[in-house]
1. Among (1) free of Cβ contacts under 8 Å to residues at least 24 places away in the same chain; (2) closer than 28 Å to Gly237 by Cβ; (3) part of a loop (DSSP other than H, G, I, E, B), where does Pro97 come up short?
2. Go over the candidates Asn156, Asn167 one by one and state the one that is farther than 17 Å from Phe184 by Cβ, within 17 Å of the chain's Cα centre (by Cα), surrounded by fewer than 20 Cβ atoms within 10 Å (Cβ to Cβ) and of a type in the set (S, T, N, Q).
3. Can you pull out every residue in the stretch 237-275 that is under 30 Å from Ser162 (Cβ atoms) and modelled with pLDDT of 95 or more?
4. Which of the residues belonging to the stretch 58-73 are touching a helix residue (DSSP H, G or I) at 6+ places or on another chain (Cβ under 7 Å) and either at pLDDT below 95 or surrounded by 19 or more Cβ atoms within 10 Å (Cβ to Cβ) (or both)?
5. I'm trying to understand the selection: among the residues of the stretch 209-236, which are under 25 Å from Tyr163 (Cβ atoms) and in contact with a helix residue (DSSP H, G or I) (Cβ under 7 Å, 6 or more places away or on another chain)?
6. Please work out which one of (1) more than 26 Å from Ala276 (Cα to Cα); (2) at pLDDT 95 or above; (3) not hydroxyl-bearing (Ser, Thr, Tyr) is the condition Arg55 fails and give its number.
7. Determine, yes or no, whether Ala312 is assigned by TED's automatic domain parsing to the domain that holds Asp171, more than 20 Å from the chain's Cα centre (by Cα), closer than 28 Å to Gly158 by Cα and modelled with pLDDT of 90 or more.
8. Within the set of pairs 6+ apart or on separate chains, which have a first residue in the stretch 217-235 that is under 22 Å from Ala310 (Cβ atoms), a second that is buried (at least 20 other Cβ atoms within 10 Å of the Cβ) and of a type in the set (Phe, Trp, Tyr), and C-beta atoms under 7 Å apart?
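The values are calculated or read from the model by the stated rules, or taken from the named source; none is laboratory data. Predicted model only: the values in this text are computed from it and were never measured. A quick note on method: Cβ atoms are made from the backbone with ideal geometry, for glycine too, and the neighbour counts reach across all protein chains shown.
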Amino acid sequence: MTALRVGVIGTGLIGRDHLRRMATVLAGVSVVAVADVDAVAAARAAATVGAAVHRDGLDLVASGGVDAVLVCSWGGTHEEYVLAALAAGKPVFCEKPLATTPDACLRIVRAEVAHGGRLVQVGYMRRYDAAYRALKRTLDSGAVGAPLMMHCAHRNAGVPASYEPENTITDTAVHEIDMARWMFGSEIAAVRVLRPRASRNAGRLPDPMLLVLELANGMLVDVEISVNVRYGYDIRGEILGEDGTVALGDPGLISVRRSGQVAAPVPADWRDRFGAAYDVELREWVDAVTGGGVLTGPGSWDGYAASAVADAAVRALRTGERVTVTLAERPALYGPADRPAAVAAAWDVRESHDRTAE
């Protein structure tokens, strides 16, 4: 089988990580082209995988030797490169965000609809994490009954000096925003942001804060966002159902008991916690593209919806008010919102009971 020839735009941290992944972890894929605004960085990264260096991302997309494209450049460039890939009819994997505004994301959605089929996948890797997938399988089985609430925590040991207050939503909480839509098969209807006493480590950031997501199906999802906890990278999640709960396991792979204490390692950063999820994410993308081009991962609509919710959440952060989320009409290309059969049945039973009680 001929390997999928991939071009990578952007050779920052995530771009280099994907280069390594495709060169050493995945089968059926070959990195043949690299582009970056920093020509020296591009040449250095390309040399690690034996790829050609292109003068810019648009030149890479247009290359006849490139079958599919990975966009790992800074967010402000994503729209241009994804639209170019769509115009060229090439599958494109775009790291989040799909674009930096809901309107820009919607332009991508409309271009893909005009193309007539899905070519875009967005890098929301939580959907590929073994623990989150196990959480969803348990939820979909109906084992804990209809879901009512989910409690989440997203804690970073620290963030770069360039990190802005809005990044707590657009770079950090956006992962939980996408996860909640996927987990519960419902769009997010409104958002609120609550601000407790600030951490002494917060500086100018709103740290910590509580993001409250109101889903269209009546659920609430709260997300504690803490970006300077110092002790490590800590991701938590627990779903409360009518008949029980299901939660992510402790991130530590081992626990050590000694001197009257129990200790477990905490991941240092996102690579420690989600490295395997990134492997699965790209493996499934490559398999989908080479197996006929039917993409099933998070797509343009998911990128647009997450951007619209994040935009509303940033307004809520600034104003302290509850902000509703307004979405365009969902194109048929992306199908109806998922509603897992077991969960839907549990809700139908509850709704029938409520009507009887009336």
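1. Of the numbered conditions (1) free of Cβ contacts under 8 Å to residues at least 24 places away in the same chain; (2) closer than 28 Å to Gly237 by Cβ; (3) part of a loop (DSSP other than H, G, I, E, B), the odd one out for Pro97 is (1).
2. Asn167
3. Correct list: Gly237 only.
4. Within the stretch 58-73, the subset touching a helix residue (DSSP H, G or I) at 6+ places or on another chain (Cβ under 7 Å) is 58, 61-62, 66, 68-73.
Val61, Val66, Ala68, Val69, Leu70, Val71, Cys72, Ser73 - these are the residues of the stretch 58-73 that are touching a helix residue (DSSP H, G or I) at 6+ places or on another chain (Cβ under 7 Å) and either at pLDDT below 95 or surrounded by 19 or more Cβ atoms within 10 Å (Cβ to Cβ) (or both).
5. Met209, Leu211, Leu213, Val221, Val223, Ile225, Val227, Tyr233, Ile235
6. Failed condition: (2).
7. no
8. From the stretch 217-235, the pairs are Asn217/Phe184; Met219/Phe184.
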